[in-house]
Amino acid sequence: MPLKESPEVLGNSYTIAKRRLLSLERKLDKDPNLKHRYHKFMREYLDLGHMTENNNTYVPNETNYFLPHHGVIRESSSSTKLRVVFEANVPSSSGKSLNDIQRVGPTVQDDLFSIILRFRQHKFVVTADIEKMYRAIWLNPVQRPLQQILFRFDANEPIKSYTLNTATYGTSSAPYLATKCLVSLAETTSDARVQEAIRHDFFVDDYLGGGDSVESVVEVSKGIIETLKSAQFNLRKWQSNNFEILKQISELQDASERAYGSCVYIRTIRNDGTAHVCLLTSKNKVAPIKPTTIPRLELCGALLGTRLCKKVLDSLTVKIDQCYYWSDSTIVLGWLNTATSRLERFVRNRVNEIQESTAGDTWSYVPSKQNPADLVSRGVKADLIMKAVHIELVSSLTKEAYLAALNRFMARRGRPQTIYSDHGSNFIGGFNELSDLFRNSLSDIPTILSHDEIDFKFIPPYSPHFGGIWEAAVKSVKHHLRRVLALAHLTYEEMITCLNQIEAILNSRPLTPLSSDPSDLSFLSPSHFLIGRPLTSVPYPQVSDCNVHRLDRFQRIEFLRQHFWKRYCAEYVTLLQQKTKWLTSTGHLQVGSLVLVKDKTQPPLMWLMGRIVQLHPGKDGVSRVADIETKRGIIQRAYNNICPLPLDC
């Protein structure tokens, strides 16, 4: 353990470690499942010899340090769901902690960006990680008293002290000790390929390597396994994949009022002469708070692209024939071809750096519609995720009625790029009609507009399950509409009003929280993607419980809306709730989570949202009741009356 100060400067750390242990025990008593995991982790730590029990009692004047500890839950981990972290940054009575007297050590491995870029250049790739890397490194016995902890497996037993014998997760020097030991192992093998892989293809305990043939990858992997095994490092979780070899780079930039960015594309030439292009990496930045012009942001995007491309070239080990730079700003291209002495300082400084970094390379113009870097600087609508609904009423199922409905849709929503549909005769007829219109328009409309033709995609005949995304939305409307309308007779105006109100209900459903602020109960809904804000409606008295025959025509429409709202709310909440048996906690509902609360008294478009402030676990450690903070105050509900939002499930 590299130290920059003598351990004698450390004061008493026993008292705070004991206080933290007692607090930890109270927390574990409230969660039997967490307590079981914690004790299992510590028992394994002890059984493997990574810590040993101290036989002697605590002596205040001895040079030692006691580390408080706590558990970190990682449900996504496939191996260790709970990891105990030891806090070496807690000050002792002298104000100094163990981390304060340690040296962090230099960086001895390549940065992650370079490793990933090299990883992507191989045809065949492999990944693995080292099992319990830190705990495979044994600490000098003289320094082990600086790594002591307090713990007991039974609250009725006296508190015991243990010494940690290995490099400890939470100490400042642990990352350096682990990576330095790994890099030093490379010198123990005579295979140059294995040496190169250990030195440059590991990021802490993760290995990302590869080669141009299966044989070479297998040979290097076996060499790494044998070399690391000599130091008790066990490689596990092996996975493999493959990529094409890289030859040529093309780079693009773009900016908007809120952000600017750059992306690097790879153009690969195969042996048969065909080319393949794929995205290698991209980067974006938020525009400065101080307002600035679009051309200046475009220039910042060009500079960002230049730096990103230089980083790519420094990281790759393959030969790059030529770099091409593209921008959709003619002003930026004009600045790059202007003598810097004629430019103002802000522009001059950035143009100088770009010209120096891209000397000998080509800068070209790319139209904004063809610039893939546009996706870096503007939001991309995920239609199949938000599942927004648009309902059109047609008078018949003919081709003409379909085209009229499509024209109404485009007039309000804009022209779609792609339309997915089944093989209905009206849809096929509409497709043929539009195709003829586009073909006949080529002589009258400029060629650039012909690229805006709508792309129709038809699912296989008699296979509605291929359209599951939109069929589910159709089912939500049809199922309740049949029951709400029943034998009601509506005029065209009443029917379209009713359908538009139903559309608003479907597009008001909550998808995910808008922020992680505990006091913020707002949520993202499909309406945010359509109009940029949540949908609201005019307040109207409750009429769903009235006798429908006593209502006038306008009130009947409101009656149908409220009736649909009640049915859809019940269905949506039920859809979000998990149906699996309560064997283990799903982990979906946690303190601070934004949840939807089932409430039959809420008016249309008014979803009752709340934040969980406290869970009430039962004797088995499973929580089935929660306290929820809503706009009405704190309420208590069972899990069957609350549910997580769909994108949080």
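The values are calculated or read from the model by the stated rules, or taken from the named source; none is laboratory data. This one's a predicted model, so the numbers in the text were calculated from it and none came from an experiment. Quick reminder, even Gly has a Cβ in these numbers, built from the backbone with ideal geometry, and neighbours come from all protein chains shown.
Here the condition is being under 19 Å from residue 83 (Cβ atoms) and either surrounded by fewer than 18 Cβ atoms within 10 Å (Cβ to Cβ) or of a type outside the set (Lys, Arg) (or both); of 210, 170, 223, it holds for 170 alone. Being surrounded by fewer than 19 Cβ atoms within 10 Å (Cβ to Cβ) and outside the structural domain of residue 130 (by TED's automatic domain parsing) is a property that residue 197 lacks. Going by the conditions given, is residue 423 surrounded by fewer than 18 Cβ atoms within 10 Å (Cβ to Cβ), at pLDDT 80 or above and not hydrophobic (A, V, I, L, M, F, W, C)? In short, no. Checked against the criterion of being part of a helix (DSSP H, G or I) and touching a residue at least 60 places away in the same chain (Cβ under 8 Å), the candidates 194, 217 yield just one match: 217. Annotation for the stretch 527-536: at least one member residue is assigned by TED's automatic domain parsing to the domain that holds residue 559 and of a type in the set (S, T, N, Q). Of all residues in the stretch 319-365, those being out of contact with any Pro (no Cβ under 8 Å at 6 or more places or on another chain), of a type in the set (A, V, I, L, M) and surrounded by 12 or more Cβ atoms within 10 Å (Cβ to Cβ) number 7.
Acidic (Asp, Glu), surrounded by fewer than 17 Cβ atoms within 10 Å (Cβ to Cβ), outside the structural domain of residue 393 (by TED's automatic domain parsing) and modelled with pLDDT of 75 or more: is that true of residue 520 in this structure? Answer is yes for this residue.
Looking across the stretch 1-49, just one residue is assigned to a helix (DSSP H, G or I), under 17 Å from residue 149 (Cα atoms), among the polar types (S, T, N, Q) and touching a residue at least 60 places away in the same chain (Cβ under 8 Å), and that is 15. Among the residues examined, residue 118 qualifies as touching a Ser or Thr at 6+ places or on another chain (Cβ under 8 Å), of a type in the set (Lys, Arg) and over 17 Å from residue 1 (Cβ atoms).
Residues that are polar (S, T, N, Q) and part of a strand (DSSP E or B) were ranked within the stretch 155-190; the one that is farthest from the chain's Cα centre (by Cα) is 161.
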